[in-house]
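The structure appears right after this line, and notes come after that.
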C-alpha cells in the first residue's frame, strides 16, 4: 500500500515590496501563508512577527520570478493545533526544525522550539 502524500511547505525569499519571507504550509488543498519580515528564527530565544496573508494556490510550491525565489522547500507535519497555536515540524533541504506559530491579538508570532526533532 502506498504511503499517503505528506503536506508540502515552501519558504519564499520575497524581495518586493520590501524584503521578507513567505512561509506557506499546504493544508486542505491550499497553501496557508504568513509573511515573516525577518525570516524564520534560527535560535530559540528569537521570536519573529508572522503576518497571516491570503491563502495561495498549490502552484506556488515551485513558483519563482525576478522578485521571489524558493529559499527552502520540503514537507511538514503538524504536532498540535488549535485556534491560537500551531506546533509543526518543517522537513526541509537542511533537515528538520520544530516551530510554533502563536496567534496574538493582531498577528502571529513564530518561534523555534526548544525541543528539536530527532
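What number of residues within region 101-111 satisfy the criterion of being in contact with a strand residue (DSSP E or B) (Cβ under 8 Å, 6 or more places away or on another chain) and either surrounded by fewer than 18 Cβ atoms within 10 Å (Cβ to Cβ) or modelled with pLDDT under 95 (or both)? So that I can check it myself, show each step before the final result.
Of all residues in region 101-111, those in contact with a strand residue (DSSP E or B) (Cβ under 8 Å, 6 or more places away or on another chain) come to 101-103, 107-111.
With the extra rule that they be either surrounded by fewer than 18 Cβ atoms within 10 Å (Cβ to Cβ) or modelled with pLDDT under 95 (or both), the set shrinks to 102-103, 107, 109.
Matching residues across region 101-111 total 4.
In region 74-100, how many residues are surrounded by 12 or more Cβ atoms within 10 Å (Cβ to Cβ) and either in contact with a helix residue (DSSP H, G or I) (Cβ under 7 Å, 6 or more places away or on another chain) or assigned to a loop (DSSP other than H, G, I, E, B) (or both)?
Number of matching residues: 0.
Of the numbered conditions (1) surrounded by fewer than 14 Cβ atoms within 10 Å (Cβ to Cβ); (2) without any contact (Cβ under 8 Å) to a residue 60 or more places away in the chain, residue 42 fails exactly one; give the number of that condition.
(2)
Scan region 1-21 residue by residue and report those that are within 20 Å of residue 106 (Cα to Cα) and touching a residue at least 40 places away in the same chain (Cβ under 8 Å).
The one that is within 20 Å of residue 106 (Cα to Cα) and touching a residue at least 40 places away in the same chain (Cβ under 8 Å): 21.
The values are calculated or read from the model by the stated rules, or taken from the named source; none is laboratory data. Predicted, not measured: the structure shown is a model, and the values here were computed from it. Positions of Cβ are backbone-derived with ideal geometry, glycine not excepted, and every protein chain shown enters the neighbour counts.
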